[in-house]
Amino acid sequence: MKKIILVTLLAFCFSCKNKEDKATTITSISSTEVTEIKNDIERIEPPHWWTGFKNTKLQLLVKHPEIAKATFTIIYPGIKIDNVKKGDSPNYLFIDLDITKHTKPGKFNIVFEFKNGNKLTQTYELKKRTKAATDYIGFDSSDVLYLITPDRFANAKPENDRFESMNETTINRSDNYARHGGDIKGITNHLEYIDDLGFTAIWSCPLLTNDMKRGSYHGYAITDYYQVDPRFGTFAEYKELADKANNRGMKLIMDQIANHCGLEHWWMKDLPFNDWVNYQKEFENGEKTTYSNHRRTSNQDIYASKSDQKGMTNGWFVETMPDLNQQNPYMANYIIQNSIWWIESLGLSGIRQDTYPYPDKEFMSKWAGAIMTEYPNFSIVGEEWSYNPLLIGYWQKGANNKDGYKSNLTSTMDFAMQRKTVEALTEKESWDKGLVKIYEGLANDFHYANPKDIMIFPDNHDMSRIFTQLNGDVVNTKMALSYQLVLPRIPQIYYGTEILMNDFEKPGDHGLIRTDFPGGWQGDTVNAFTGEGLTADQKDMQSYLKKLLNFRKTSKVIHDGETVHFAPFMGTYFLFRTLGDETVVHIINKNEQPITIDLKRYAEMNLTGKTLKNVITDEKFIWNDAIELKEKGSIILYSIEN
């Protein structure tokens, strides 16, 4: 006879001091199979789980009116109940389970019973994992990410544009801060375009429910962490995007936010604990919002006051984004489990974590560590918007931090080199300006634990388009892109860069930066997917980036090679990547008039007499005494067999 464990927990018998207790009754009885799926409980999260994780613990959030007053039973082989805690609100119960390693996938019922005899039944499922943990392969220096703001990319399903049950119901493409209707299906339908350009991974801005009253298009004020926003599509469509991308050999990166939620999040009307969000009492009393001081250096500053540190971590980002309190252990578990749930559900290759320095940093180490323990080949990139390499490097796994901090984070974002790229190309050449900015900027790599795992980018969804930053100079834009694409980095490029999208009309305006991609909407007179209506410059840039990306896709020397660069000389800057007998040479030339450069200066690279080929033009060049640079721009050469 199969034996199982029946655990009956008497919620009303818990200690009034901490509302926690161990199981009080354990009885072995014959098992019964679930014959009818029941969903009597208002909410249980995670909505399902899996067997076979290294961490066998699972914490269930149960939300239902007066649920803390109920007793409950769980009947399933291999499940142990470690602990139960009632929330400060009587409508929450947190159940700690131990899913032992021999537990089999299947469904079971959790039966809740109240004093008046009423019973509620919730069916819960433990699923079988579909692939090995080691098969969740993250992004690395062989990849280039295509960043998309989904509301502004392509609208494949106009029928999902509006839902009257949601707070924001209008679509207005003439309003840069309204919803425009782009969706998940719009991304999926254009995977071929993204793939053909040469991108190997997609990072979409958040796709989860953002039921805010206005400005919901951007996705960064999540109101339900387990639901795809219906205006973007369904869970099935999100899964389809992941699967079809994977079928093409492309990776999907999910944008997540551990720091804050949206003010319209369902729990804000009935918070589980008195410390679920920071400055909760002030919020509940209708007092003025306490904002973060945004002093991110307080995370590393050995002289930082406790007041500054608290002001940075606990303050709200903006008044519509409540700051989550990761020091509450139940909130901490909730965030960690949510991340794992989405990785497992979609088969993700990576996570981009928003506003990385803002949450409790000890929690962030625990969060990243929990993920990397389960998925050792996974990748996580954290947003540290700092131009100081010391701060960028602090957050990366392997950093030798004096305070002993271990982040477990594989990648950080290179805002420093992004700025240096723009300065190098827009400043007039002098001893301390112009190309020396990227020469000295790259020298900071000595500080990074793993430079090639850092993410570089010409721009993103929060800053002016690179074409705008470079004052509408097409040649400079090409130089910025080619330079970043040959660096020992993981490049990310924002959608529309390939067609010179810009924000000249109002530089820095977020709504304008996130302009609709032409051709993504029925009736668009310009279609960047097909090339119809594009200007000559736009077509040229699209072709240029396609050639460069597809070359990079198979270039092992760029993925893994050594890097050697030479100090800027006569308005030029030479950088070499080498691997075995292979070499890639990147030359930046800022001279408006033809110039001849003596190549003996680069003799140590041992290229004399070798034939190299231009990545863009396919022209061959024999490396001898000199090279004539006829016009301003970048040249990318690679060695070929003589």
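The values are calculated or read from the model by the stated rules, or taken from the named source; none is laboratory data. Being a predicted model, the structure only gives us computed values, none of them experimental. A quick note on method: Cβ atoms are made from the backbone with ideal geometry, for glycine too, and the neighbour counts reach across all protein chains shown. Accessible surface is based on the protein model in full, side chains and every heavy atom, while ligands, DNA and RNA are left aside. Shrake-Rupley method; radii C 1.70, N 1.55, O 1.52, S 1.80 Å.
Could you tell me which of rounded, prolate or oblate describes segment 46-115, using a ≥ b ≥ c as the square roots of the eigenvalues of the alpha-carbon gyration tensor, with rounded for a/c under 1.5 and, failing that, prolate when a/b is larger than b/c and oblate otherwise? Prolate, because a/c is 1.5 or more and a/b exceeds b/c.
Around the amide H of Ser204, modelled in the peptide plane, lie the amide H atoms of Ile148, Ile253, Asp255, all under 5 Å away and 5 or more residues distant in sequence or on another chain. A simple spin-label model places pseudo-atoms 7 Å from Cα toward Cβ; at Lys546 and Leu390 they are separated by 4.7 nm. Size descriptor for segment 312-452, Kirkwood hydrodynamic radius: 16.7 Å (Cα pairs only, one decimal).
Per residue of the chain, what 222 nm ellipticity follows from adding -39500 (n - 2.57) for every DSSP H run with n ≥ 4, rounded to the nearest 500? One gets -6500 deg cm²/dmol as the mean residue ellipticity at 222 nm. In terms of its alpha-carbon gyration tensor, segment 90-206 comes out oblate; a/c meets the 1.5 threshold, while b/c is at least as large as a/b. 3J(HN,Hα) couplings calculated from phi for segment 347-356 with the Karplus curve 6.51 cos²θ - 1.76 cosθ + 1.60 (θ = phi - 60°) are, in sequence order, x, 5, 9, x, 10, 9, 9, 5, 6, 4 Hz; Gly and Pro show x. The three principal axes of the Cα atoms in the chain give end-to-end lengths of 92, 53, 53 Å, sorted in falling order.
Estimated at the nearest 10 Å², the accessible area of Arg162 is 130 Å² with a 1.4 Å probe. Taking a ≥ b ≥ c as the square roots of the eigenvalues of the Cα gyration tensor, an a/c ratio of 1.5 or more together with a/b larger than b/c marks segment 178-272 as prolate. Amide H contacts under 5 Å for Tyr494: Leu147, Asp459, restricted to partners 5 or more places along the chain or on a different chain, H placed in the peptide plane at 1.01 Å from N.
Between the helical axis of 415-426 and the longest alpha-carbon principal axis of the chain there is an angle of about 30 degrees.
Counted over the chain, the DSSP beta bridges are approximately 75% antiparallel. Dipole magnitude for segment 107-182: about 460 debye, using +1 per Lys or Arg Cβ and -1 per Asp or Glu Cβ, origin at the Cα centre. Expressed as a whole percent, the accessible surface of the chain that belongs to carbon and sulfur atoms is 48, based on a 1.4 Å probe. Using a simple spin-label model with pseudo-atoms 7 Å out from Cα toward Cβ, Glu619 and Ile137 lie 3.7 nm apart. Selection among Cys261, Gly347, Pro230 by position relative to the dipole of segment 229-372 gives Gly347 as farthest towards the positive end (Cβ unit charges, Cα centre).
Assuming R0 = 51 Å, can you tell me the calculated FRET efficiency for the pair Glu36 and Arg173, based on Cβ-Cβ distance, to the nearest 0.05? Numbers along the way, then the final one.
Values: r = 47 Å, r/R0 = 0.92.
After rounding, the FRET efficiency stands at 0.65.
Solvent exposure of segment 410-532 amounts to 34 Å² per residue of accessible area, where only protein heavy atoms count and the probe is 1.4 Å. When Rg and Dmax are taken over the Cα atoms of segment 445-598, they come to 17.2, 54 Å.
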